[in-house]
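Please read the structure below before turning to the comments.
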Amino acid sequence: MNKFTRQISAAMEDLKAEDVQTFDVRTLTTMTDFMIIASGRSDRQVKAIAEKVIEMAKSRQIRPLGVEGQQQGEWILIDFGDVIVHVMRPATRVYYQLEKLWSVSDRAGAGSHS
């Protein structure tokens, strides 16, 4: 984990984000280096967590390349280029299972079964 990912995680935890997980995906994709996934208990909390992350980054002169989902608050994606942040409601998180998609340990044995 780099300094910026730790700062993002800390900002999320300040607003009581649940189950904050950081994935180093450099060996899995060229799209980004790190994925951070966290849950908020309500649309309002998801929005607040995302806003806190964006404010923290801006205070360090880092602007997101894009933000998606802010109006709905069900799943907000913040793209910082080398770090992509997902803040979502627990049911959405369970449905899409991003952890399984980006987990190195799950992918390591994925093709070994006949």
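At 1.4 Å probe size, what's the solvent-accessible area of Met31? Round to the nearest 10 Å².
110 Å²
Using a 1.4 angstrom probe on heavy atoms only, work out the carbon and sulfur share of the accessible area of the chain in %.
49 percent
Computed over the Cα atoms of the range 1-54, what is the convex hull's projected area averaged over all directions, in nm²?
About 3.8 nm², averaged over all directions.
Translational D (Stokes-Einstein, µm²/s) of the chain at 25 °C and 0.890 mPa s when Rh comes from the Kirkwood sum over C-alpha pairs?
Diffusion coefficient, whole number: 171 µm²/s.
Towards the positive end of the charge dipole of the chain, with charges on Cβ (+1 Lys, Arg; -1 Asp, Glu), say which of Pro64, Tyr95, Gly81 has the farthest Cα.
Pro64
Expected output is a single nm value to one decimal: the length gained when fully extending between Leu65 and Asp79, i.e. 0.36 nm times separation in residues minus the C-alpha distance. What is it?
That works out to 4.5 nm of additional length.
Please state the charge dipole magnitude for the chain, taken about the Cα centre, from unit charges on C-beta atoms (+1 on K and R, -1 on D and E), reported in debye and rounded to the nearest 20.
So the magnitude is around 160 debye.
Grab the DSSP H runs of the chain that are 4 residues or longer, score each as -39,500 (n - 2.57), total them, divide by all residues and round the 222 nm result to the nearest 500 deg cm²/dmol.
-11500 deg cm²/dmol
The values are calculated or read from the model by the stated rules, or taken from the named source; none is laboratory data. As the structure is a prediction and not an experimental result, all values here were calculated from the model. Please note: Cβ atoms are built from the backbone with ideal geometry, for glycine as well, and neighbour counts cover all protein chains shown. Surface accessibility is based on the protein's heavy atoms, side chains included, excluding ligands, DNA and RNA. Shrake-Rupley method; radii C 1.70, N 1.55, O 1.52, S 1.80 Å.
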